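Please read the structure below before turning to the comments.
What follows draws every value from the coordinates through simple rules; no lab data is involved. On a predicted model such as this, the values are computed, not experimentally measured, just so you know. Positions of Cβ are generated from backbone atoms using ideal geometry, with glycine treated the same way; all protein chains shown enter the neighbour counts.
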Amino acid sequence: MNLSKLGITIFTLSLFSNPLYSQVAVIVHATNQQALTESDIKNLFTGKLKSFPDGNPVIVLNLPEGDPNQSLFNQKVLGRSDAQVKAFWSKLMFTGKGTPPKEVTAEEMIKLVSENPSTIGIVDSAAVSDKVRVLIQH
């Protein structure tokens, strides 16, 4: 294989391994049968809703700031950049009108959501197991 073909091959492989091409899944406990629209999910993750449609309280979990899957979620579901999300929560905290979702690692996310029917979180789609239920994927 000559160098130009090798370069093209490496470039092509890097495109498919890039986190920008992964998908993010919004997950709940496997037994949680709540029907949520994308708008509901956006409202939960921005603190506008504090409970599931059936009235049960919800615990919202995020991935750490800077996590590529969190960034993808912010962009695709919330329609905001990481900086815009940070500014949004800073304003709410400063005015005493809200607290951002707790940040947990991807490993903690699956564990916490699978143990508590009141939680909702996000993970890389590849990390989904039968212990959780996917609401949406982007």
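Here are the numbers for this structure:
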{"item": "Signed unit charges on C-beta, dipole axis of region 33-138, positive-most listed residue PRO117, PRO57, GLY98", "result": "GLY98"}
{"item": "Set LYS50/LYS111; LYS76/LYS111; LYS48/LYS97; LYS111/LYS131; LYS50/LYS91 screened for pairs whose C-alpha atoms are more than 20 Å apart", "result": "LYS50/LYS111; LYS76/LYS111"}
{"item": "Those aspartates and glutamates that a straight Cα-Cα span of less than 17 Å connects to LYS102, excepting residues fewer than 8 apart in one chain", "result": "GLU65, ASP67, ASP82, GLU115"}
{"item": "Alpha-carbon radius of gyration plus Dmax, which is the widest Cα pair, for region 95-138 in Å", "result": "12.0, 40"}
{"item": "Quarter of Cα convex hull surface for region 32-135, i.e. mean projection, nm²", "result": "6.2 nm²"}
{"item": "Residues whose placed amide H lies under 5 Å from that of ARG80, excluding near-sequence neighbours", "result": "GLN75"}
